[in-house]
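J.: Encoded as structure tokens, here's the structure I'll be asking about.
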Amino acid sequence: MASNHVHHGSTILTDGIRAVNIGLAGFADPIRAHGGACTQVQWQPPAEGDRAVGLRLAYLEDDPDDRAGALVGRANAEAVRRISEGHPVAVDVRTAADVIPGMTSRTLLHAGPPILWERMCGPMRGAVIGAALLEGWAATPEEAGALAGRGAIDFAPCHEHATVGPMAGIVSPSMPVIVVENQASGNRAFSNLNEGIGKMLRYGAYDETVLERLRWFATTLGPVLGRALRSAPVDLRDLTARALQMGDECHNRNVAGTSLFIRAIAPALVRTAPADAAAVLEFMRGNDHFYLNFSMAACKATLDAAHGLEGSSVVTAMARNGVEFGIRVSGTGDAWFVAPASVPDGLYFPGYGAQDANPDIGDSAITETCGIGGFAMAAAPAIVRFIGGTPVDAVAFTRSMYRITLGRSPAYVVPSLGFVGTPTAIDVRRVVESSVVPVIDTGIAHRAPGIGQIGAGITSAPRGCFAAALHALGRRLGVEAAA
Amino acid sequence: MAGIVRQRVFKNTYRDSVELMRIATEVEHLPGITRAGIVMGTEANREVLAQAGLLPAEAAATRASDLIVAVAAESEEAGTAALERAAAALSGPARPDRGAEAAVPATTLHDALAEMPDANLALVSTPGTYATAEALKALKRGLHVFLFSDNVPVADEVALKDLAERKGLLLMGPDCGTAILDGVPLGFANVVRRGQIGLVGASGTGLQQVSCLIDRLGEGVSQVIGVGGRDLDERVAGRMTLAALRRLAADGGTAVIVVISKPPAPAVAERVMAAVRECPKPVVVNFLGWAGDGTAASASTFEDAALDAVARLRGVGRDTLALGTPERHEQSCVKPRLAPGQAEIRGLYCGGSLAGEAKLVLRRALGDRSAERVTVIDLGDDEYTVGRPHPMIDPRLRNQWIVDAGRDPKVAVILLDVVLGYNAHPDPAAALVPAIDHARREARTAGRDLVVVASVCGTPGDPQNLQRQQATLTGCGVWLAPSNAEAARLTASVLTGAAGVMPEHSSGASRPSPGDHAGNRHGV
């Protein structure tokens, strides 16, 4: 009895073969020819060919059946949830010393990972001098420098105090700061007020016009905005979402965000401070970047809620101090992972060039960490002109960020990509594996203090930070030995 | 008209009004929906909804940043379905839509899984240094793994197989050349008809030979599961062989199982045999050259394994089965004129396991004489493939060896394997012809005959087509055998002077069981 008829009763893969082909492209042919589906991976050695790092990465891959893999998977899902649900609302403007946790009368907060006076770059030193003059700690720039040099100022990263500041990011005790409340989780974040473009403290300028403006911030702009916001809080989740659909990416382009903010706050301003409203509105109108610091504080409030989840490989901060680029990761506690900061690629104002540029500086990369800024470049094609690119390049930048992120923002969507949510929750594992690094829109500061912004452009996070973070996470989860 | 109004509020979700109108239109066109409105929750918008009859008195309060979806429906089901559709549309695509720009290719498993979230199998053929990490990630993500890469440390292999075992997944490899899962060929596999014989094997070309011979005998395979060349050595201890055996034992589509390997370490052989004895289905054990332990059907060659498996499946005696006679050229009937001193056999193989089988059969056929007369070389061995493609893909290295053998006055027979199937050379027989012609011409010029014997491991369904390959070879005077074992026996018969009777022996229909007296049959 011959059994020549065909039997199809045998199955291993109940839904048919759905294969991922990692390597030889020819292996996809028989699968496709026999009714299976196959996705080709254009494989490259992970972690730039470092086998040990590649293995550590594999051991940290999600896996519900494995202690470390399950922990990482769960923690990251929670991080994505918290970032997605983050609901930042601007509720007040208050004096830094009164609201920023851990701020003493001798504290100066600065941008980026920890750094002391000796190693600070020109613009940051200039801003420190300006702040010391503003606070009355010193009468002359020389005195201020000496003060900083002998350790009489307590320097600390903004990020370690729920605060973010663009460029030098210097926040001194008497400065007014925006108070943003994350209504999803109750935490608060802070940022100083944006001074405008040009010779400003955040670029290391400290002449009398700079200090005069900052005094006006403390006496008028801050208190007036604070009163208005207390009477009419501004929903920053909503405002950022709208601005993204109006051509902003809410980092290096803030025209729409600033306009929307003025529209939102104007009635309350007029109501609560009729005498000063015109001057305040005039100032905001004259500064296209006024919304930047709100955007940054909103992102910080959102990301801080996702920090400290044991096992999570999600990046919760990217920041630069003008010397080093540093990141913090949800599952590695307070540690910073740093690498040398590079000079951004960009366009310069007339008379300046790359030789004048300070290496990357500022906390504003918190926007990219949150999935806007460079990550939402497809929503703001005008930005890409800074590097001579086209709207197609802008879309490509955003697309490539999906490779290194775990979430799609439910709040912030990109019309040109079919209204997909922006790429959010950067996963250290994905960065190390793919060698795709976060893209960051940025202003460029002159390397000498006090000259100010000399251009703008695009930069990327150095790979080394992410490899170091992965290493630390692996050690913390006890998977290092396995490699 | 009696209808219902249903609402859902999405807190803190902003979308542009044009986008909301588009989604509302889409929802309004759903069956059973009379009206739909999707708006931000401002007072003005609530008023619009109210006027449209879409805002019941009891509707929850909203803020300007909240998004309201409201539908008037003919039924509860239609209303619920419409709200679900709106929610899906609002959540947007999972991935950015493909624009006019070139699609970004996946460069990692993670990327690929974003494109194909329901993937169930990963094929890994990266350099061995990186293969462990790729296989590990795939297993952790719940995929079966076909691990073609070699040079994977044995400790990694053990760890990967333990993980696969815990997860109920197959880890086929490392150094796994072939598999057929659910009728789909993987790697270097032949197009074999589907049937009821399940194969588990540590040998790539062994699996190919057995599956092709099963096809030739009119049967087919349920699954062909490669386990990697080291699976049955002491360190790996048959982990995946045993797992595959259990899987096939439980598989409703498998009636007979064949296990194929080099002879394993004794302790491992005992573990496998214990599993075989417990298996509720007939299992043919084919440890190449192994006589068996008397407890289960043991086939010592691939040919034996195929014949035994088909005989078990059909419930017939093996002597009723025939592998069939490939076409032979006239020349093959002519007894070769061997010059004095022409007494050696040169086996030039691309399949390592086929080379092993040929050595075994030649040793049995020629006894003590084989040692000095037989040289069988596996040109696919690492020793020969450093820095160049495998001879199954690139014929140049073997062709050079064929030409060299033709110049060697001691060589009487060149024995070859020709392996078909996916990813092998697109026309391997034709690629051999120039070298064979060259070698035979030089030998003839020097006044001697040179016999070339070959078998083709393939099926009519293979991309290269079995019949076409066989015709090419007979066309240039090659003596063809239906199996590699038979080719080896034919080769031996040239030395023993029995080659002239070959045509009678070519019909497998009346011959005794192969394997047991192979040496005598052609030698006497």
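All of the numbers you see were taken from the coordinates with simple rules; none came from a lab. In this text the structure is predicted, and so the values were computed from the model without any measurement. Every residue, glycine as well, gets a Cβ built from its backbone with ideal geometry; the counts of neighbours run over all protein chains shown.
J.: Equivalent-ellipsoid semi-axes (√(5λ), Cα gyration tensor) for the protein assembly as shown, whole Å, largest first?
T.: They are 73, 32, 23 Å, listed from largest to smallest.
J.: Please report the antiparallel percentage of the DSSP beta bridges confined to chain B, to the nearest 5.
T.: 30
J.: What's the percent breakdown of Cα-Cα distances in segment B:176-320 across 5 Å bins, shortest bin first?
T.: All Cα pairs considered, the percentages come to 2, 12, 23, 26, 22, 11, 4, 0, 0.
J.: When we measure straight from the Cα of B:Lys161, which lysines land under 29 angstrom away, once same-chain ones fewer than 8 places off are left out?
T.: B:Lys137, B:Lys140, B:Lys262, B:Lys281
J.: Show me the ranking of peptides A:126-139, B:352-365, A:364-377 by mean Cβ neighbours inside 10 Å, starting with the highest.
T.: A:364-377, B:352-365, A:126-139
J.: Whole number please: convex hull volume per residue of the Cα set in segment A:340-390, in Å³?
T.: Each residue corresponds to 92 Å³ of Cα convex hull volume.
J.: Counting each DSSP H run of 4 or more residues in the protein assembly as shown as -39500 (n - 2.57), what helix-only mean residue ellipticity at 222 nm follows after dividing by all residues, to the nearest 500 deg cm²/dmol?
T.: -11000 deg cm²/dmol
J.: To continue, here is another question. Between B:Ala265 and B:Glu84, what is 0.36 nm times their sequence separation minus the Cα-Cα distance? Round to one decimal in nm.
T.: Here the answer is 59.1 nm.
J.: Please state the relative contact order of chain B as a whole percent: Cα pairs under 8 Å, 6+ residues apart?
T.: This gives 11 percent for chain B.
J.: Another one. Stokes-Einstein at 37 °C, 0.692 mPa s, Kirkwood radius from Cα pairs: D for chain A in µm² s⁻¹?
T.: Answer, rounded: 141 µm²/s.
J.: Let me ask something else about it. Under 18 Å from a point placed 7 Å out from the Cα of A:Arg475 along the Cα-to-Cβ direction: which residues of segment A:109-148 have their backbone N that close?
T.: A:114
J.: Per residue and in Å³, how big is the convex hull formed by the alpha-carbon atoms of chain B?
T.: In chain B, the Cα hull volume divided by residue count equals 204 Å³.
J.: Taking the alpha-carbon distance from A:Lys199 and a cut-off under 13 Å, which aspartates and glutamates remain once sequence neighbours fewer than 8 residues away in the same chain are dropped?
T.: Counting by Cα, and skipping residues close in sequence, A:Lys199 has these aspartates and glutamates nearby: A:Asp207, A:Glu208, A:Glu212.
J.: Would you mind checking the tilt of helix A:463-476 against the longest principal axis of the Cα atoms of chain A, expressed as 0 to 90 degrees and rounded to 10?
T.: Once rounded, one gets 70 degrees.
J.: Could I ask something else about it? Which angle between 0 and 90 degrees, to the nearest 10, do you get for helix B:239-250 versus the longest principal axis of chain B when only C-alpha atoms count?
T.: 70
J.: Arranged by the count of other C-beta atoms within 10 angstrom, fewest first, what order do A:Phe349, A:Phe217 take?
T.: Listed from fewest to most nearby Cβ atoms, that is A:Phe349, A:Phe217.
J.: Could I ask something else about it? HN-Hα J couplings of segment B:347-360 from phi, Karplus 6.51/-1.76/1.60, θ = phi - 60°, integer Hz, Gly and Pro as x?
T.: Coupling constants for segment B:347-360: x, 10, 10, 9, x, x, 6, 5, 4, x, 5, 4, 4, 4 Hz.
J.: Also: Among A:Val431, B:Val48, B:Val259, B:Val18, what is the fewest-to-most ranking by other Cβ atoms within 10 Å?
T.: The most exposed by this proxy come first: B:Val18, B:Val48, A:Val431, B:Val259.
J.: By how many nm would the segment from B:Asp394 to B:Thr445 lengthen if fully extended, with 0.36 nm per residue of separation less the alpha-carbon distance?
T.: That pair, B:Asp394 and B:Thr445, stretches by 15.5 nm at full extension.
J.: Output the Kirkwood hydrodynamic radius of segment B:163-215, Cα pairs only, in Å rounded to one decimal.
T.: 11.8
J.: Please work through chain A and write down the cysteines that have no neighbouring cysteine Cβ at a distance under 4.7 Å.
T.: Cysteines lacking a close Cβ partner in chain A: A:Cys38, A:Cys121, A:Cys158, A:Cys250, A:Cys465.
J.: May I ask you to give the average projected area over all directions of the convex hull of the Cα atoms of segment A:47-89, in nm² rounded to one decimal?
T.: Mean shadow area of the hull around the Cα atoms is 4.2 nm².
J.: Same structure again: Hand me the trypsin sites (Lys or Arg not before Pro) from segment B:56-99 located in a DSSP loop with no more than 14 other Cβ atoms within 10 Å, in residue order please.
T.: B:Arg63, B:Arg98
J.: Going out from 0 in 5 Å bins, what whole percent of all Cα-Cα distances in segment B:4-91 drops into each bin?
T.: 3, 17, 30, 28, 17, 5, 0
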